[in-house]
Protein chains: 2
Amino acid sequence: MEIDLKLLQYAVTLSRHRHFGRAAAALGVSQPTLSRNIAALEKQLGMRVFERSHRDVVATPAGDDVLNMADELVARAEAISHRLELVRDGRGGRLRVVAGTYAFDIAVQPAAIDLINANPSIRLELLEREWAAALALMMTDQVDFAVFDVEALRSMPALRVESLGEFRGRYFCRSGHPLLRKATFDVEDVRRYPFVMPGMPRHQAGMLEGLDAGATQDASRGFILPSIAVSSFRTVREIVAGTDAISVAHPSQISDGLATKRFAVLDMPTRRRAPVAEFGVAWKRERTLPPAARSLIAIIRRRMRAIGR
Amino acid sequence: MEIDLKLLQYAVTLSRHRHFGRAAAALGVSQPTLSRNIAALEKQLGMRVFERSHRDVVATPAGDDVLNMADELVARAEAISHRLELVRDGRGGRLRVVAGTYAFDIAVQPAAIDLINANPSIRLELLEREWAAALALMMTDQVDFAVFDVEALRSMPALRVESLGEFRGRYFCRSGHPLLRKATFDVEDVRRYPFVMPGMPRHQAGMLEGLDAGATQDASRGFILPSIAVSSFRTVREIVAGTDAISVAHPSQISDGLATKRFAVLDMPTRRRAPVAEFGVAWKRERTLPPAARSLIAIIRRRMRAIGR
DNA sequence: CGATCTCCATGCGCGGTCCGTATCGTTCTC
DNA sequence: GAGAACGATACGGACCGCGCATGGAGATCG
């Protein structure tokens, strides 16, 4: 049996108005059109839905059953229609994002909080992964897009990439660190201590290239590689707090530690004004971004502009 | 936004087949028709639902959201379509019945059990009421139809009435009743004991007219009226069991009391072979019976034929 | 490297469907 | 008994939606 939502909608409206003329007006059609559509519904259901008398139009007992179900289905259709509008406008639907540690902490997670506050009905899946895992998730269509250091993204021709903007990180250390006792210090001083970063060392190229430490060379890429690689920034924090190791972060990532004097930022004269890193968003070339992705990306861009100074 | 179930159905089918040609064949339409309908859906949703490549047709991320909702709505529409078929065929929907004590016990309740067993999805409201209350329920559209002694029903011109068939009741008394010690007894003997029946005495006309007791006259109607009127048959049973009062019933109403020797049937030579009573079904003239009512009525008729002998 | 194949999109013509206007038929009212 | 109210029906026109035929872009193969 073919169900036509329009006919059900007509029946529901008629049952509310109990009058063909007024129901037709409410529906924005002529009275004969409503008459014919109700007759069509009754024909295709094989039963009479309304009793017509000259003073009243009222549902038959079987019509009551029909109207209850019609009401339910029409209401559900309208709810779905509304939810689809939210999806189209980037205010609803499912959004699956993967990001590296820095991008996750600095861009995705704060932006996601704004997005959820603005659109509570959105369904988010936020994954923090290292680059190789993130790439695999994208290529197998398990996430909609990725936020990473833009250099890693641009190395993959299968991806479409857009820049999200730059930001400057800072070296930081524990608050009792020996370096802090010096009146002045520079990159050469920093190099004497262990350097810890999250993620696989070979994928931190873009992050490190912009640092002042970039002036110090390693054999292949022209910058120093972390001497300690761990998988989460939580571990970076603990190692920095418990050793003389130094790391790099956006101040928001360690702001609680700054407030409690657990960490200190190592500000030193910069040799060049290059950014620490440039984040980018990327997705599989032949796929389409969901509209909600544009909402999140716009929030991230705004945030990156705010902290990029 | 107007939702068209057909377009959603097309999209769901396409997402399963991932191929326009095969999906179109499965839907029984031509491939261009499916192409155009999917394009129409995408246009009216304002977003792309499918990625078309030459080897594959796959949903966009937003399309996933669309398809999930479409799937849900289509499935619900199909379920409702099925339930509407049940209503039309008298195998589902809501059915509200009122009956008097005898009709309820003898006809409606057993028939309802058969109906439920045959159609578990049916929704029944079974009311046992005296005649005046039943009439009020019918006239206020709170029940779909009534099952009563046909004479009461026919007295109301506002009702359409159909006969359900006749049945014979029997006098019964407690098992130690004095009458049972007599070798023979007749109606005149019965008249010497209290007579108890459920319902308002003036409404038992039809029930009593057919009894042999009808040969004994009262001033107005030519038969004896109950000397004790109670509202439920349960009370009748208790009074008969605890006193010398006599009543009338179908054997099925007291069969447990017969088995435990609590009651005894008073069989006596009958003077005429008239039925004890004729049940009928009635509903408000301008209303329509729900299809399920026909199912219940058919079962009652079958049952009345079976016990009418 | 071009011919062919695959597969979705599009142009075209037609048949049916759906709508609104006008009108009818019935019932209720005064 | 005339008129009003109201749902059903007749009719003509516009538009929609279908299938057939064809186009066009990318993959495949000789």
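Bear in mind these aren't lab numbers, they're just calculated from the coordinates by the rules spelled out. No experiment lies behind these values; they were computed from the predicted model shown. Heads up, the Cβs are rebuilt from the backbone with ideal geometry, glycines too, and the neighbour counts pull from every protein chain shown.
A few remarks follow.
- Residue exposure sequence - A:Phe279, B:Phe50 - by fewest surrounding Cβ within 10 Å: B:Phe50, A:Phe279
- Distant-in-sequence amide H partners of B:Phe167 (H built 1.01 Å from N, under 5 Å): B:Val276, B:Ala277, B:Phe279
- Calculated label separations, A:Ala25, copies of the chain, 7 Å along the beta-carbon direction, nm: 5.4
- Between A:His54, A:His82, A:His250, the residue with the greatest mean-square fluctuation in the GNM of chain A (Cα pairs under 10 Å linked by springs) is A:His54.
- Summing Cβ point charges (Lys, Arg +1; Asp, Glu -1) relative to the Cα centre of the stretch B:97-169 gives a dipole of roughly 80 debye.
- Peptide B:78-90 has a mean of 5 when you count, residue by residue, the C-beta atoms of other protein chains within 10 Å of its C-beta.
- For the stretch B:1-128, the Kirkwood radius over C-alpha pairs fed into Stokes-Einstein at 25 °C and 0.890 mPa s yields D = 138 µm² per second.
- From its DSSP helices (H runs of at least four residues, each -39,500 (n - 2.57)), chain B gives a residue-normalised ellipticity at 222 nm of -12500 deg cm²/dmol.
- Counting only residues at least eight positions apart within a chain, or on another chain, the aspartates and glutamates with an alpha carbon under 20 Å from that of A:Lys261 are A:Glu238, A:Asp244.
- Cβ-based exposure ranking for B:Ser53, B:Ser232, in which fewest neighbours within 10 Å come first: B:Ser53, B:Ser232
- Between A:Arg285 and A:Ser231, the FRET efficiency from the beta-carbon distance, with R0 = 45 Å, is close to 0.95.
- Simple spin-label estimate for B:Ala133 and A:Ala118 gives 6.2 nm between the two label positions (7 Å along the Cα-to-Cβ direction from each Cα).
- Residue of A:Arg88, A:Arg192, A:Arg174 that the Gaussian network model of chain A assigns the largest fluctuation, springs spanning Cα pairs under 10 Å: A:Arg192
- Label spacing, shortest first and in nm, from B:Ile116 to its equivalents in the remaining copies (7 angstrom along Cα→Cβ): 4.8
- Charge dipole (Cα centre; +1 on Lys/Arg Cβ, -1 on Asp/Glu Cβ; no other charges) of the stretch B:5-88 amounts to roughly 280 debye.
- Taking the fewest neighbouring Cβ atoms within 10 Å as the starting point, the ordered list for A:Tyr193, A:Tyr10 is A:Tyr193, A:Tyr10.
- Between B:Val29, B:Val150, B:Val240, the residue with the greatest mean-square fluctuation in the GNM of chain B (Cα pairs under 10 Å linked by springs) is B:Val29.
- Only helices reaching 20 angstrom along their own axis (Cα) with mean Kyte-Doolittle hydropathy no lower than -0.5 count here, and for the DSSP H runs of chain A these are A:31-45, A:61-88, A:291-307.
- Debye intensity ratio in log₁₀ form over the Cα atoms of the protein assembly as shown, taken at each q of 0.05, 0.08, 0.10, 0.12 Å⁻¹: -0.49, -0.76, -0.93, -1.13
- Of the residues B:Phe20, A:Gln31, B:Phe279, the one whose Cα sits farthest towards the positive end of the charge dipole of the protein assembly as shown is A:Gln31 (charges of +1 on Lys and Arg Cβ, -1 on Asp and Glu Cβ, taken about the Cα centre).
- Debye intensity ratio I(q)/I(0), log10, the stretch A:118-164, q values 0.17 Å⁻¹ (C-alpha model): -0.54
- Cα-only radius of gyration and Dmax that characterise chain B, units Å: 30.4, 99
- Computed about its Cα centre, the charge dipole of the protein assembly as shown is approximately 280 debye, with only Lys, Arg, Asp and Glu carrying charge at their Cβ.
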